[in-house]
Each structure stands twice: as C-alpha cells, then as structure tokens.
Amino acid sequence: ARLPDHSLPQDVTPASFKAHLDACTRCPLGGCATQGVAGEGPRPAALMVVGEQPGDAEDLAGRPFVGPAGQMFDACAAEAGLDRGRAYVTNAVKHFKFAPRGKRRLHQRPGAGEVMACKWWLGLERSWVQPRLTLAMGATAALALTGSGERLLQRRGTVERAEDGGAVLLTLHPSYLLRLPDEAAAARARAEFTADLARAADFL
Ligand code: URA
C-alpha cells in the first residue's frame, strides 16, 4: 500500500525510479554527479537503512554503500548478524556532492536545501518499502527522516518518530568510524554502531 501522500510523484515506478533520478533537477547536484544512486533491496522490507549520499565509489558503480563506508557497514553488519540483502539500503541524497581536487573528488556534505529537495525521492521509496523500522546512519539521514538537526551523538541509540510516522533508530555513520583518529574512541564507536545494527537486525 502507498502512503496517502498526494504530493508524491504518481508516475514513478520502481522500474523507472533510476531514470527519474538521473534526470532530476530538483537541486543542482545531478549536474556534476555521474548518475543517481537508487536504493536497493526488497520492497516491501521490514528494515530500511538510510545513509547520507553516494560517495565516489557509489557514484561510479551506481549502487549504495559499495566503497569504504559500505565495507565498514558490511563488516559490522556481519558481526551484528544483520543480513543486508533482506533490508532496503538507500541514501537521504541520491547524487554525490564533491569538490574537485586535481584528479580526486572530495566528499562534501549535502546542505539542508539539497536534503529537503531529495526527501521527495526518499518518501517515494518509503511508500514502496513500508519499513517497520528505519535505521538512520548519520546526521543527514536523521535530518531527512525526523526533520531534526539536533546533535546526532546525543541521539544515537534512541528511537525517534519519522515525519511520516515510522520508527527511526538513530546511529552513527560508518564513515565516522573510519575518520576517528583515536584507536580507543574508534573501537568504542564501532561497538556502539554494531550494537545498533544488532537491534535493527531484530526487525528482520
Ligand atoms: N556514504 C553514504 O552515506 N552512502 C553511501 O552510499 C556511501 C557512502
């Protein structure tokens, strides 16, 4: 069943979703990225996992969470007993935002306006997936789902209500674990993230 939201695009189907993302002009990000990255996984699914935006590897592959953050997610999911293939995995923002630096493309955090513009697509995915629980990984996913930009570190491990009424478990972003310079802090953050993934796995 679809959510009764008439502002959602009516003519987009799961089969045409990627083509619509590729053609999206709701914000300027599509003009620089290689392609739009749609979520992947079963529809419906008991669990939806939401990240920030595609990274460099995802932009090239056209799939979510296949680069370093995805490898961290997969490693922690394996430890937590979370079967990624049974969850719908997507991002709050569907195009890679970056700043060119020579041959490299440096990740840039999407702005609130880009997050708001892209919520339209996330809402459509949510109407297809109808998750019982959504795992919001990082501040951007938390903002897109709950509308609140309050500090994520104070909210992680808690369940909040999404703007559309669903339950959202807030957790860290896997790239945050990769960036922590202090070994003890990184190990602690990884244990917290893995514990949140184990809670999410209980919904599958
Ligand atoms: N980071 C994200 O938030 N999503 C991806 O798909 C990859 C990296």
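Only the coordinates and a few stated rules stand behind these numbers; no lab work does. Everything quoted here is computed from the prediction, not taken from an experiment. In this analysis, Cβ positions are derived from the backbone assuming ideal geometry, glycine residues included, and neighbour counts consider all displayed protein chains.
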task = For the stretch 174-183, state whether one or more residues are in contact (Cβ under 8 Å) with a residue 60 or more places away in the chain, aliphatic (A, V, I, L, M) and touching a helix residue (DSSP H, G or I) at 6+ places or on another chain (Cβ under 8 Å).
result = yes
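For the stretch 43-161, please list each of the strands (runs of 3 or more DSSP E) lying entirely inside it that holds at least 3 residues being within 14 Å of the ligand (Cβ to nearest atom) and surrounded by 15 or more Cβ atoms within 10 Å (Cβ to Cβ).
Numbers: elements: 47-51, 88-91, 98-101, 104-107, 133-137, 159-161.
Where strands (runs of 3 or more DSSP E) fall fully within the stretch 43-161 and carry at least 3 residues being within 14 Å of the ligand (Cβ to nearest atom) and surrounded by 15 or more Cβ atoms within 10 Å (Cβ to Cβ), they are 47-51, 88-91, 133-137.
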key: Residues of the stretch 162-203 satisfying the condition of being within 16 Å of the chain's Cα centre (by Cα), among the hydrophobic types (A, V, I, L, M, F, W, C) and in a loop (DSSP other than H, G, I, E, B)   = Ala162, Leu172
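Can you name every residue in the stretch 20-62 that is among the β-branched types (Val, Ile, Thr) and closer than 22 Å to Ala139 by Cβ?
Correct list: Val37, Val49, Val50.
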request  = Determine which member of the set Arg126, Arg105, Arg156 is in contact (Cβ under 8 Å) with a residue 40 or more places away in the chain and within 19 Å of Ala45 (Cα to Cα).
outcome  = Arg126
ask   = Is at least one residue of the stretch 15-32 among the acidic types (Asp, Glu) and more than 16 Å from the chain's Cα centre (by Cα)?
value = yes
